Structures are given as C-alpha cells and as structure tokens.
Amino acid sequence: MIQELHKYRDRLIQEEKDRYSEEYKKSKWYKEPTLEDVLSSQRLYADYISFENILEKGDKEEIKSYVALFEQAAHNYGASWWDDDLGCERTGGEWETEFYVTLRNIAAKIVGLSEREFSEFYEGRGV
C-alpha cells in the first residue's frame with residue numbers, strides 16, 4: 001500500500017508542476033516542486049510523513065489509528081464555520097478535506113475497512 005501513497009504523492013507534485021507557467025519552467029529560477037512545497041501547511045506534511053513511516057513499518061494497529069486520525073482531520077477541515085469578520089458562514093477547506101479523505105482511504109484498505117466518500121466529510125456551506 002505504500003505504493004498507493006507514493007502514487008498519490010507523485011500525482012500531487014505533478015499537479016503542482018502543471019500549474020507552473022512554461023516561462024517559469026524554463027527560467028533559471030525554476031525549482032522542481034517537492035511534497036513539502038505542495039502541502040500548504042506543516043501539519044499536512046507532518047501527517048503525510050508520519051503515515052508514510054507507519055506504512056513502512058506495516059503495523060496494522062497503528063495504521064488503524066490513522067484511519068480515525070484522518071477521519072477527524074477530514075471532518076475538521078470539511079466543516080463550515082462562522083467568520084465574525086465577514087459576518088457570514090464560510091466553507092471548510094476543500095483541498096485539505098480531499099487530502100485527508102485520500103489518506104484515510106489508503107489506511108482503511110490496509111486494515112480491511114471500507115472507503116468513505118469526500119461528501120461525507122465536506123459540508124460545502126457558505127461562501
């Protein structure tokens with residue numbers, strides 16, 4: 001299953017690279033994106049690296065605990081919230097929710113749990 005995680009990592013990096021302009025790719029300032037560049041926060045990056053390390057060890061009980069961790073993170077990022085400054089409800093983080101749902105589903109397959117859908121975590125209300 002670590003191959004599936006690495007395939008996901010490679011896809012994220014390629015998607016980032018595809019967003020770069022051709023002009024930038026040809027410039028002397030061009031730098032190949034890394035996973036750390038792609039993941040918008042240290043928390044996401046740390047969760048990915050920690051999960052990767054657990055997959056390498058192959059401890060199914062620890063992997064199972066990551067299913068719960070990733071579900072909670074997906075719920076947290078997917079929740080709509082009230083923005084006092086703007087006086088309106090805001091949507092949760094769509095990209096981050098998708099990230100955690102994907103990691104959750106990779107972990108779930110390993111421990112024999114069924115996959116869950118993005119829509120189960122992302123509320124999508126607000127502006």
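The values are calculated or read from the model by the stated rules, or taken from the named source; none is laboratory data. Note that the coordinates shown come from a computational prediction; the quantities given were computed from them, not determined experimentally. With ideal geometry, Cβ positions are generated from the backbone for all residues, glycine too; neighbour counts draw on all protein chains shown. Protein only, heavy atoms only, side chains kept; ligands, DNA and RNA dropped before computing areas. Shrake-Rupley method; radii C 1.70, N 1.55, O 1.52, S 1.80 Å.
Only one of (1) over 18 Å from the mean Cα position of the chain (by Cα); (2) closer than 22 Å to F118 by Cβ fails for R11. Which number is that?
(1)
Consider K109 against the criteria (1) open to solvent by 30 Å² or more (accessible area, probe 1.4 Å); (2) of a type outside the set (S, T, N, Q); (3) modelled with pLDDT under 95; (4) not in a strand (DSSP E or B): it satisfies all of them except one. Which criterion is unmet?
Of the numbered conditions (1) open to solvent by 30 Å² or more (accessible area, probe 1.4 Å); (2) of a type outside the set (S, T, N, Q); (3) modelled with pLDDT under 95; (4) not in a strand (DSSP E or B), the odd one out for K109 is (3).
Under the condition of being assigned to a loop (DSSP other than H, G, I, E, B) and within 14 Å of T102 (Cβ to Cβ), which residue from the stretch 1-52 is modelled with the lowest pLDDT?
For the stretch 1-52, the residue satisfying everything is M1.
Tally time: how many residues in the stretch 63-101 are open to solvent by 70 Å² or more (accessible area, probe 1.4 Å), part of a helix (DSSP H, G or I) and more than 16 Å from G124 (Cα to Cα)? Outline the logic, then answer.
Step one: of the stretch 63-101, the residues open to solvent by 70 Å² or more (accessible area, probe 1.4 Å) are 64, 69, 72, 75-76, 81-82, 84-86, 90, 94-95, 98.
So of that shortlist, the ones also part of a helix (DSSP H, G or I) come out as 64, 69, 72, 75-76, 94-95, 98.
Okay, now just the ones that are also more than 16 Å from G124 (Cα to Cα), so 64, 69, 72.
The number of residues fulfilling the criteria is 3.
With R104, R43 as the choices, which residue is out of contact with any strand residue (DSSP E or B) (no Cβ under 7 Å at 6 or more places or on another chain), of a type in the set (K, R) and surrounded by 13 or more Cβ atoms within 10 Å (Cβ to Cβ)? Full working, then the answer.
Working: R43 fails: surrounded by 13 or more Cβ atoms within 10 Å (Cβ to Cβ).
Just one listed residue meets the conditions, R104.
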